[in-house]
Each structure stands twice: as structure tokens, then as C-alpha cells.
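Engineer: One structure is given below, represented as C-alpha cells, and several questions about it will come after.
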Amino acid sequence: MGSDRGVAPNILVVDDMSGHAGRILVVDDDPSIIRLVERALRSGGYDVVSANSGEAALDVLKTPPLPQLIILDVMMPKMSGFEVCRLLRFDPQFENIPIIMLTALDDSENRLKGIELGAEDYLTKPFHPKELVARVRSLMRMHDLHASLEESLFKVRRFNTFVENVTMGLDRESFEYARLEQLIIAQVLAGGI
């Protein structure tokens, strides 16, 4: 099965692969780069959704499921990859999705800008497809570890809340027991028992 390029003019949806290693959004205004990246990622077992502009990428992100990683070209007409990255990092729904900036800009100023805006990695064109897949795999592994850590942290917090509630209950029972003990002692001393 190939790409369904008739869905919308700027949104390219790629078939769903069973047993996938993760869903990746590829954003580039050059169709040949999109094809090269799609081919490399599919060979690595990934599901791929692609968009040919920053605006189209934001549209793709409105439709579940969300990608686990985004590969984002920097130089695109209308909305640059830098702008898309900045928007995603300010949105809680997307702020933890790893981003690889993919660009022909190889100077340190642009690399630094991409990293400062929140991209996890920066790869220059031309690139080796195997290197791209290796970087994707590494970032996906880190993303999965982060998600696992967040889940564990949630469980620890929930357990701590349970322990606090039990402790508060025991404190109340201890207080009531001490109060009852004082009443009994007072009754005994008063000769009432």
C-alpha cells in the first residue's frame, strides 16, 4: 500500500503498518525528501504521516493518534520549522513529543536556535537514511523511558496520597482512643466505675 495523497492538498496520510515501532510525523516542503524519509522510517518499522507545510503539520496534529516523534524541516514557506517547533513547545498536548530538525542550514547559529526552541536533535541535509533511523530509534527509546518514568511517578504519588490518608485516619483513631482513655480514667477517679 502506498501513500494516500488525495486526502487534502497539504496533508499526506500514509498507510498504517501492523506491529509498528511508533508513529512519526514528517514535515518538509520537498516531496523527494518526504519520500526518502518515509522509505527510511518504514524500513525501520515506523508508521509515517507526512505534511508538506508547517500549517499542514498543525492540521495533522489535530487528528488522533498523535505521533511519538516529529521530523521537521526548518526552511518552509509561510511557517518555518522554527515557528512550528515554538508553537508545539508552548502547547501542553505536544510539548513532550521529541522533534528532530532536518535542514540544509548547517551553521551553529541555526543549530542552537533549533535546540533552544526545544528540538531534541538536529540533522543536516544531505543525511544518511540509516543515521536518521538510528537517531529516531534513540529518541523514541528516551521518549518511552520518560513516559515510563512519568507513569511510575504518578503511581508513587497515588500511593503517597493513600498512605497520607491512612495515616490521617490512624491519627484520628489514636486521638479518639486517647480521648476515650482519658474519659475512662476520669470516670474511675471520680468513682463512677
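The values are calculated or read from the model by the stated rules, or taken from the named source; none is laboratory data. Everything numeric here is computed off the predicted structure, so don't read it as measured data. Cβ placement follows ideal geometry from the backbone for every residue including glycine, while neighbour counts extend to all protein chains displayed. Accessible surface is based on the protein model in full, side chains and every heavy atom, while ligands, DNA and RNA are left aside. Shrake-Rupley method; radii C 1.70, N 1.55, O 1.52, S 1.80 Å.
Engineer: So, in Å, what gap is there between the alpha-carbon centers of region 62-76 and region 120-186?
Structural biologist: Using only Cα atoms, the two centres lie 28 Å from each other.
Engineer: Continuing with this model, one more query. Averaged over every viewing direction, what's the projected area of the C-alpha convex hull for region 34-193? Give it in nm², one decimal, please.
Structural biologist: Computed as one quarter of the Cα hull surface, the answer is 15.2 nm².
Engineer: How charged is the neighbourhood of ASP144? Take every other residue with its Cβ under 11 Å from the Cβ of ASP144, and add Lys/Arg as +1 and Asp/Glu as -1.
Structural biologist: Residues close to ASP144 contribute a combined charge of 0.
Engineer: Rank-order 78-87, 50-59 by packing density, defined as the average count of other C-beta atoms within 10 Å over each peptide's residues, highest first.
Structural biologist: Averaged packing, sorted descending, gives the order 50-59, 78-87.
Engineer: Counting only heavy atoms of protein chains, what accessible area per residue, in Å², does the chain have with a probe of 1.4 Å?
Structural biologist: Per residue, the chain has an accessible area of 61 Å².
Engineer: Evaluate the charge dipole of the chain about its Cα centre and quote only its size in Debye, nearest 20, assuming +1 on the Cβ of each Lys and Arg and -1 on the Cβ of each Asp and Glu.
Structural biologist: In total the dipole reaches around 280 debye.
Engineer: Which is farthest toward the positive dipole end of region 89-193 among ASN160, LEU117, HIS143, measuring Cα position about the Cα centre, with Cβ charges +1 (Lys, Arg) and -1 (Asp, Glu)?
Structural biologist: HIS143
Engineer: Per the 1.4 Å probe, what fraction of the accessible area of region 117-193, in percent, lies on carbon and sulfur atoms?
Structural biologist: Its accessible area is 62 percent carbon and sulfur atoms.
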